[in-house]
Amino acid sequence: MGTAHRKLTSIEICAGAGGQAVGLHRAGFRHLALVEIDKWAAATLRANIKSRPSWSWEREHCLVRETDVNDFKPLKEVPDPEGRRGKRGAGKRMLEPGQLDLLAGGVPCPPFSAAGHQLGRDDERDLFPRMLDLVAELKPRAVMIENVRGLVEPELKFRYYRNHIKNRLRKAGYVICGWRVLEAQDFGVPQLRPRAILVAIHEDHYRGFDWPVPQKRVHRVVDALGPSMERRLGTGTDRFARWHELANLGTVAPTLVGGSKKHGGADLGPTRAKRAWENLGVDGMGVANDEDSMVDPDRDLGTLERGPKLTVQQAAIIQGFPDDEDAEGPWKFIGGKTARYRQVGNAFPPPVAAAVGERISEALNRTGPLRDDPNPEFEPEDDPSLVAPELPLQQGFPSLEDDAEDSARALIG
């Protein structure tokens, strides 16, 4: 039978500032645990869970675990979601294998390329094996893994690595529903942000799965940022008129890039992305201070020749986070400007996560007989031990920066 009689539960690893969590929450999932190593992103999760009325269930039940995902032990740390007590009433029972509905995560690409020094399992950034270990440990009803487009397209480049991941899931009893590239602009996000999504459902719960259908209407940058730009630049001012004139000529934004602690900073991405932003009337050479703490109007608001910089909250609007129009107000980001911008730039757009989450929820709530796996065959693996063959430097594993460069090239030619 399906799961319509109760709330669907989820655990998310590599949760960041909550982009995927927000989307899955909109889709009806209730989070048992959000695991994130960055202290500022973890603080962001705690602050929003504490302050948003619609997250009252999470305030009582959700563990925000600020740790390396390799140190996360869900069967020892996450309480039974059904609130059952242990033997003789001695404390809460812990989560058991098979109880969880969805395990999700935006798992970083493993750095097996020559450029990544081919550290493989010894590289701290390699979290795909840990994700698959957690699947085997938790035995969730469904799995959702998000990554950059370059892991899927071009199809041949990382085929054998993807096969390894799918085969491990098959061995654990999962039906592979597909690994599909979804464009954020097709789901109400004013941004060219392709994401590769893998969905798998356990064979004991598989009654089919349908991918979300793209929306016909594109949400443009000028519409998304219009209210906040009018507030910042002033109604009827020449600055606002100039920004609106340029932004109205464009459609969506290039991919935002948050950078990392070691590389990148608070700006709007590679050179082509900055040029695309310039065409939209925005100065991409930095990020503006918050509206209530602006000290240099020319720097933050620009001139008639140079457009305004985005604030962190405006970048969050471009990602599809809750904003001022949301009944509970905008999603809050904790930390200094650069830390907050990185949280936004590295996020999974909530509307895309919501669209996929709704389809997973629908699939898990189906009733009737189980279906056979339409593609049960194991696929050939070039690298079954996860020790990659020698790769030329240009075949290094893809990054979000690659998506940003490609999206900017698509916008400006």
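Just so it is clear, none of the values below were taken in a lab; they were calculated from the coordinates. From a predicted model like this one, the values you see are computed outputs, not experimental measurements. Cβ: placed from backbone, ideal geometry, glycine included. Neighbour counts: every protein chain shown.
Taking amide H atoms as placed 1.01 Å from N in the peptide plane, the amide H of L8 lies under 5 Å from those of R30, each 5 or more residues away in sequence or on another chain. From the coordinates of this entry, log10 I(q)/I(0) by the Debye sum over Cα atoms at q = 0.06, 0.07 Å⁻¹ is computed, and it appears in [x] -0.25, -0.34; [y] -0.33, -0.44; [z] -0.29, -0.38 under the label [x].
Using θ = phi - 60° in the Karplus curve 6.51 cos²θ - 1.76 cosθ + 1.60, the 3J(HN,Hα) couplings for region 188-203 round to x, 9, x, 7, 7, 9, x, 10, 8, 10, 10, 10, 9, 10, 4, 4 Hz; x is entered for Gly and Pro. The order of Y341, Y174, Y161, going from fewest to most other C-beta atoms within 10 Å of their C-beta, is Y161, Y174, Y341.
Close amide H pairs (under 5 Å, H built 1.01 Å from N) link K139 with G98, residues at least 5 positions away or on another chain. Cross-link partners for K337 among the lysines, with Cα-Cα distance under 21 Å and sequence neighbours closer than 8 places in the same chain left out: K39, K261, K262, K274, K309.
Tally Lys and Arg at +1 and Asp and Glu at -1 over the other residues with C-beta under 9 Å from the C-beta of L304: what net charge comes out? After counting each charged neighbour, the total is +1. When both region 14-70 and region 279-331 are represented by their alpha-carbon centers, they are found 25 Å apart.
Counted without the sites themselves, the longest stretch of the chain free of GluC sites (Glu not before Pro) in a DSSP loop having at most 10 other beta carbon atoms within 10 Å is 1-154. Amide hydrogen proximity for V181: with H placed 1.01 Å from N in the peptide plane, the residues at 5 or more positions away or on another chain lying under 5 Å are I197. Among S399, S293, a tally of other beta-carbon atoms within 10 Å of each Cβ gives an order, fewest to most, of S293, S399. Each residue in R141, R342, R299 was given a count of other beta-carbon atoms within 10 angstrom of its own, and listing them fewest first yields R299, R141, R342.
Once the mean of 1/r is taken over each pair of separate Cα atoms and inverted, region 299-359 shows a Kirkwood hydrodynamic radius of 13.0 Å. Summing +1 for each Lys or Arg and -1 for each Asp or Glu, what net charge is found among the other residues whose Cβ lies under 10 Å from the Cβ of V213? Surrounding charge for V213 is 0. The Cβ shell under 15 Å around V352 holds other residues with a net charge of 0, Lys and Arg each +1, Asp and Glu each -1. Note on the chain: helix-only mean residue ellipticity at 222 nm, from DSSP H runs of 4+ residues weighted -39500 (n - 2.57) and normalised by residue number, equals -9500 deg cm²/dmol. The mean of 1/r over all distinct Cα pairs in region 134-246, once inverted, gives the Kirkwood hydrodynamic radius of 17.1 Å. Mean separation of Cα pairs under 8 Å and 6 or more residues apart, divided by the residue count, gives the chain a relative contact order of 22 percent. Counting only residues at least eight positions apart within a chain, or on another chain, the lysines with an alpha carbon under 18 Å from that of K73 are K92, K139.
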